Amino acid sequence: MKSSIFGITGGSGAGKSTISKIFRAKGVYVADADMAARQVVKKGMPCLDELKAAFGDMILTDEGALNRRRLADIVFNDTEKLAILSRITHKYIKAYLENEIATADTELAAIDGAVIIGSPVMDICSCLVVVVADDDTRIQRIMERDGIDKAAARARIDSQLPQADYIKHADYVIENNNSSNDQEEKVEEILSKIKAYSSQERSKKKEDYKGD
């Protein structure tokens with residue numbers, strides 16, 4: 001494990017992918033939690049076997065792969081089934097990310113994910129960087145990115161945590177409405193603080209080791 005792993009999160013359209021790219025450019029290894037979520041449910045993976053045991057063969061395609069739309073239909077508006085889905089998948093996602101980050105040749109690592117808050121991934125993050133933007137900016141980005149209309153973009157935002165809830169869990173907040181120069185300066189400022197914290201933790205571990 002790296003000496004410091006932090007999370008990068010935010011609601012749809014806030015622009016966390018842009019912020020993650022800046023962190024990468026500054027030498028931070030950034031793992032993609034959404035990609036990990038796709039990998040762990042591939043055919044033949046134990047996560048998919050556990051999902052099949054919980055929800056039945058109906059969630060599989062004729063080829064034995066996960067039928068995402070069918071699974072989504074099952075858990076939609078059913079909090080109990082959604083909790084089962086989260087309980088199964090999140091532990092595999094966490095393990096996948098831990099293994100990925102362990103092989104990275106960098107001192108600092110981050111996890112980019114939309115649903116870090118409240119998931120087991122929070123347990124391996126020393127701090128959380130939350131990316132926010134105003135609603136009009138988010139809606140425009142979602143419309144351009146996904147080719148959907150304003151009402152659909154608005155519905156997507158409304159289905160997620162309010163930005164205020166993201167901010168409650170944040171150690172650092174980046175307002176992503178402005179120019180790339182402003183974004184880069186904010187990332188640099190946050191990164192220097194995370195590096196300082198990481199250095200303090202390493203020193204503490206060395207002292208604890210000497211004490212033993």
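Summary of values
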item: Size of charge dipole - the chain - debye, nearest 20, with Cβ of Lys, Arg +1 and Asp, Glu -1, no other charges; result: 300
item: Rough spin-label spacing in nm, given labels placed 7 Å along Cα→Cβ, for MET122 and LYS91; result: 1.9
item: Flagged links, alpha-carbon separation over 18 Å, of LYS21/LYS186; LYS52/LYS94; LYS81/LYS150; LYS94/LYS193; LYS91/LYS168; LYS52/LYS81; result: LYS52/LYS94; LYS81/LYS150; LYS94/LYS193; LYS91/LYS168
item: Computed over region 34-105: relative contact order in percent, which uses C-alpha pairs under 8 Å that are six or more apart; result: 34
item: Kirkwood estimate for the chain, i.e. one over the average of 1/r between Cα atoms, Å; result: 18.8
item: R0 of 25 Å, Cβ-Cβ distance TYR197-GLN140: FRET efficiency to nearest 0.05; result: 0.10
item: Counting DSSP beta bridges with both ends in the chain, the antiparallel % (nearest 5); result: 5
item: Label-point separation, PHE76 to ALA114 (7 Å along Cα→Cβ), nm; result: 1.5
item: Sorted by Cβ neighbour density within 10 Å, fewest at the top, the residues PHE76, PHE23; result: PHE76, PHE23
item: Radius 9 Å from Cβ of LYS26, net charge of other residues (Lys, Arg +1; Asp, Glu -1); result: -1
item: Residue exposure sequence - LYS42, LYS94 - by fewest surrounding Cβ within 10 Å; result: LYS42, LYS94
item: Distance from region 113-181 to region 61-95 (C-alpha centre basis), Å; result: 22
item: Long-range amide H partners of LEU128 with built H, under 5 Å; result: GLY7, ASP171, TYR172
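Any read-out appearing in this document is the output of simple, stated calculations on the displayed coordinates, not a laboratory observation. All figures in this text were calculated on a predicted structure; none of them were measured in a lab. Counting neighbours? That spans all protein chains shown, and the Cβs are built from the backbone with ideal geometry, glycine included.
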